[in-house]
Amino acid sequence: MALEEKREKRPPVTPMMIEEEAALRNGSRGLPPGPWAEAAGPRPRTTERHIAVHKRLVLGFAVSILALLAVTMIAVMLSVRFEECGAAAADGPPRAGGNGSLSGAARQPPSMGQPPGRPEEEAEARGGEATAEEKEEEEEEEWQRRREPPPWARPRLPRHLRPLHYNLMLSAFMENFTFSGEVNVELEVRNASRYIVLHAHRMHIEAVRVAEDKLAGGVRVARSFLYPQTQVFVVVLSRSLEVQRSYNLKIIYNALIENELLGFFRSSYVLHGERR
């Protein structure tokens, strides 16, 4: 009996105690069920489903950005192409301006590239000097759009033509120190081109003719001009020269007999007190 009296008397188990014990096991800090217990309880962790949803949202955002960039690039390319087409369509009347242009004194009239005996072309050439200059500038702009220098602006002559033979005739006039010349050059075409570029400086070109070898027909010269920056003379043809064919280039010109060591120059000496 004494041992039985010494035992602690445990309170009777009530439904409230059972609920509190269950709440402690579930992590609700021993609070009875209700709104306070739900607010104080631990929040559920992010599940794999939420992670998958987040990944889909990020992926969709990235795809949207890439699509926007692609559409922007296409729109820019189309706008640039539209501007080029509009500029090409508006090139009917020649435009003024451009890089690498020459002064009027350094240029020759367009009629110098045409054979004599064509009054309608000569009249057009006399009134269209500015037009030829603007065409030259347009061609330079075209080469700039290709991101390469034109053949006449390069430090070396192009290799699409090979000279085979020269026939040169000169007439010197000592009373005014001038001379006139005529040169016939036989050319072999290695690569098709409508440009003929050769060295020339401080000359006035009177006429230029291009004819196919052993044929009566010639190739029409659209225009010609001097380019002092590289000291060359450029002949622009109406069509390209054919490969593996030979042509004859004829140029009639005149110039000063220079008083310096340049081209066809003059010098003097004194003999017995007389300057010769």
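Selection of the stretch 246-276 for residues being assigned to a strand (DSSP E or B) and acidic (Asp, Glu) yields GLU258, GLU274. Evaluated against (1) open to solvent by less than 80 Å² (accessible area, probe 1.4 Å); (2) within 24 Å of LEU170 (Cβ to Cβ); (3) hydrophobic (A, V, I, L, M, F, W, C), VAL219 falls short on exactly one condition, (2). In this structure, ARG239 does not qualify as exposed (fewer than 14 other Cβ atoms within 10 Å of the Cβ) and over 39 Å from the mean Cα position of the chain (by Cα). For the stretch 253-276, taking the residues that are closer than 16 Å to PHE173 by Cα and aliphatic (A, V, I, L, M), the one that is most open to solvent (accessible area, probe 1.4 Å) is identified as LEU256.
To keep it simple, each residue is scored yes or no on (1) at pLDDT below 95; (2) closer than 22 Å to PRO155 by Cα.
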site: SER180; (1), (2): no, no
site: HIS201; (1), (2): yes, yes
site: ALA211; (1), (2): yes, no
site: LYS214; (1), (2): yes, no
site: GLY217; (1), (2): yes, no
site: SER240; (1), (2): yes, no
site: ARG245; (1), (2): yes, no
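Given the options VAL210, VAL243, VAL234, name the one that is under 23 Å from LEU187 (Cα atoms), β-branched (Val, Ile, Thr), out of contact with any Ser or Thr (no Cβ under 8 Å at 6 or more places or on another chain) and part of a strand (DSSP E or B). Result: VAL210 is the single residue among VAL210, VAL243, VAL234 that is under 23 Å from LEU187 (Cα atoms), β-branched (Val, Ile, Thr), out of contact with any Ser or Thr (no Cβ under 8 Å at 6 or more places or on another chain) and part of a strand (DSSP E or B). Considered as a group, the residues in the stretch 149-203 that are aromatic (Phe, Trp, Tyr) and either in contact with a helix residue (DSSP H, G or I) (Cβ under 6 Å, 6 or more places away or on another chain) or without any contact (Cβ under 8 Å) to a residue 60 or more places away in the chain (or both) include one that is least open to solvent (accessible area, probe 1.4 Å), and that residue is TYR195. Scanning the stretch 154-171 for residues that are among the aliphatic types (A, V, I, L, M) and part of a strand (DSSP E or B), we see that the one that is farthest from ARG245 (Cα to Cα) is LEU170.
The values are calculated or read from the model by the stated rules, or taken from the named source; none is laboratory data. As the structure is a computational prediction, the values presented were derived from the model and not from experiment. Every residue, glycine among them, receives a Cβ derived from its backbone with ideal geometry; neighbour counts consider all protein chains shown. With ligands, DNA and RNA removed, areas are computed over all heavy atoms of the protein, side chains included. Shrake-Rupley method; radii C 1.70, N 1.55, O 1.52, S 1.80 Å.
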